[in-house]
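This report refers to the structure that appears directly beneath it.
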Amino acid sequence: MTIDGKPVRLTFGSKVGIYVHIPFCRQKCLYCDFCSFPGVSPERIEAYTERLCSQIREICSQTESLEADTVFFGGGTPTLLSEGQWDRILSALQDSVRLSADAEITTECNPATAGPAKLKAMRTLGINRLSVGVQSIHPGELRTLGRIHTEEQFEQLARNAREAGFERISFDLMFGFPGQTEESWLSTLRKATGLNPEHLSVYALQLEEGTPLYRDRASYVFPDEDTVARMYDTARTFLEGEGFSRYEVSNYARPGCECRHNLKYWNCEDYLGFGISAHSLVGRTRFYYPGDMESFLRGTAVPVLEEQLSDDRMEEEYAVLRLRLSTGLDMGEAEKRFGEHFARRFLPVLRTMADRHLLICAERNGGEIYRIPDPFFFTENDILSELLACVQEPASFLK
Ligand code: SF4
C-alpha cells in the first residue's frame, strides 16, 4: 500500500486487531473531542458505509494475507448503523480478512440508539461484545455531559443485550466532572455493577481544548484534585469488592473477560484501522487516515505517516504501556522481544526507582517483573515520565 504517496510494504505480526471508525453521533457530547459528526443525514451514513466497505477491500487486497482475532467498531456511535449497513461492513471484513473462529468483535454502543431488534441483528451477524457509553446514571449529570440517553434506556439496553445473546458487556463510566459528588459516583458504580457487566472502563474526565465544556469551564465548578483521586480509589475499592480485577489503569474485568482488542494496543501488537481518523500500527510503522470526510467519500483520502518508530522509541512505548498493566513489565518477555539492549537501557533505572519505592520488583522464574504500586496507579503518568526522562538522558540520571 502507499503511505504519504510512497509505496510501503507492511509485514504483519501473527494476528492483527482491526479497528473500524464510524464517525457519526446523534448529538455531540459536551466533553468530546473525538472525530464524530452530529446529526448527519441517513444518506451521508449510507455513503460512508459504501466507501468504508470499498476501503476495506482495497487495502486488504494490497497487503499480504491478513488474519485478525479482534475487531473493534468505535466512534462516534456505531449503533447508528442500520442492520443492512452492519451486514455489508461485516461481509467486507469477512471477505478480506481471515477472522479467527474465536475472534472478539466489539462495538461501542449508545443506549439511546440500540433497541432489541437491532441488538439481535448485530449479535446474529457476529458481533459478540458491547462497549456501552454510560458515564453516569443521574439525569442532571447526563445533561451536564450532553449525553442523549437516560438511566432507564441504559437499564433496558443491558437487559435487551442479554436477551439478544451478548455474553460480553462493558460499561464506560466517567468521574471528576462538574456537579458530580462522591455519593453520586458511588451510586453510578452500584447501578452499573448491579446490571452484571463482565468489564468496566472507568475514566476521569479529560478537559479537552475545543470542547464546549472547555470553552465554558469558568462557569462550572469542577471537583478538586483530591476529590478526583478519592473517586478513583472509590472505584477501585468498590469494583474489587464486587469481584472485578483492575488489569489496566482504567480498566476492570471479571477473570478472563479483559478486552482482547485493547490489550493489543497495550502490548504494542499490530492493529489496522479503517475509516476516517483511524490509526494503525504495523511493525514499526504508525499511520492514520485524516479526519476529512469529503476526501474519504470521494475515495481520494490517503494514509499519512505518523511515525516510523526507532528501536529506542519502540522499547520506550512498550515499557510505558506494560507498566500501565497490572501484570507489569516482565524483563524476560521484554528481552525476548528486544534483546539485551532493552535491559541495558532500562534495568538500572527500574532498579533505582524500585529502591525509591516508586516501583515494585517481583521475581518470577529467575526474572524480574516491575509494577507500579497500587497507591500510585492514579498518578502513574508522573512515574512513567520520570522513567522515560531517565532512560533518555542516562548521563543526568547517573549524576
Ligand atoms: S457519543 Fe461518544 S463519540 Fe459521540 S459525541 Fe458522545 S462521547 Fe463523542
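Miscellaneous remarks
- Cβ pairs under 9 Å, 6+ apart, first in the range 301-326 and outside the structural domain of SER54 (by TED's automatic domain parsing), second open to solvent by 30 Å² or more (accessible area, probe 1.4 Å) and among the β-branched types (Val, Ile, Thr): VAL302/THR2; PRO303/THR2; PRO303/VAL8; LEU305/VAL8
- Scanning the range 131-150 for residues that are β-branched (Val, Ile, Thr) and under 23 Å from the mean Cα position of the chain (by Cα) yields VAL132, VAL134, ILE137, ILE148.
- When THR11 is tested against the conditions (1) out of contact with any Asp or Glu (no Cβ under 9 Å at 6 or more places or on another chain); (2) surrounded by fewer than 22 Cβ atoms within 10 Å (Cβ to Cβ); (3) of a type in the set (Ser, Thr, Tyr), the lone failure is (1).
- Among the residues of the range 225-249, just one is modelled with pLDDT under 95 and not in a helix (DSSP H, G or I), namely VAL249.
- Among the residues of this structure, LEU384 does not count as one that is at pLDDT 95 or above and open to solvent by less than 30 Å² (accessible area, probe 1.4 Å).
- Residue match in the range 351-360 (condition: out of contact with any strand residue (DSSP E or B) (no Cβ under 6 Å at 6 or more places or on another chain) and in a strand (DSSP E or B)): no
- Residue in the range 105-129 that is nearest to the ligand (Cβ to nearest atom), counting only those that are within 20 Å of the chain's Cα centre (by Cα) and over 20 Å from GLN94 (Cβ atoms): ASN110
- Any chance TYR48 is within 16 Å of the ligand (Cβ to nearest atom) and either outside the structural domain of HIS149 (by TED's automatic domain parsing) or open to solvent by 10 Å² or more (accessible area, probe 1.4 Å) (or both): no
- Residue match in the range 367-375 (condition: farther than 30 Å from THR237 by Cβ and in contact (Cβ under 8 Å) with a residue 12 or more places away in the chain): yes
- Boolean, SER61 is hydroxyl-bearing (Ser, Thr, Tyr) and either crowded, with 22+ Cβ neighbours inside 10 Å or under 29 Å from LEU142 (Cβ atoms) (or both): no
- Evaluation of MET1 against (1) within 16 Å of the ligand (Cβ to nearest atom); (2) in contact with a Pro (Cβ under 8 Å, 6 or more places away or on another chain) (one fails), failing number: (1)
Okay, residues lined up against (1) modelled with pLDDT of 90 or more; (2) closer than 16 Å to GLU248 by Cβ:
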residue	(1), (2)
ALA362	yes, no
GLY367	no, no
TYR370	yes, yes
THR379	no, yes
LEU388	yes, no
GLU393	no, no
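- Complete set of residues in the range 26-44 that are farther than 24 Å from THR70 by Cα and within 15 Å of the ligand (Cβ to nearest atom): ARG26, GLN27, LYS28, CYS29, LEU30, TYR31, CYS32, ASP33, PHE37, PRO38, GLY39, VAL40
- Of everything listed in (1) open to solvent by 40 Å² or more (accessible area, probe 1.4 Å); (2) closer than 30 Å to SER187 by Cβ, the single unmet condition for ARG98 is (2).
- For the range 257-311, the set of residues classified as under 18 Å from GLU58 (Cβ atoms), of a type outside the set (Asp, Glu) and out of contact with any strand residue (DSSP E or B) (no Cβ under 9 Å at 6 or more places or on another chain) consists of SER295, PHE296, LEU297, ARG298, GLY299, THR300, ALA301, listed by residue number.
- Checking each residue in the range 355-369 for being of a type in the set (D, E, K, R) and open to solvent by 80 Å² or more (accessible area, probe 1.4 Å) picks out ASP355, ARG356, GLU363, ARG364.
- Residue check: LEU66 meets all listed conditions (1) touching a residue at least 60 places away in the same chain (Cβ under 8 Å); (2) surrounded by 20 or more Cβ atoms within 10 Å (Cβ to Cβ) but one, namely (2).
The values are calculated or read from the model by the stated rules, or taken from the named source; none is laboratory data. Keep in mind it's a predicted model, so treat the numbers as computed, not measured. Glycine also receives a Cβ, built like all others from the backbone with ideal geometry; neighbour counts cover every protein chain displayed. In case anyone asks, the SASA skips ligands and DNA or RNA and just uses the protein heavy atoms, side chains included. Shrake-Rupley method; radii C 1.70, N 1.55, O 1.52, S 1.80 Å.
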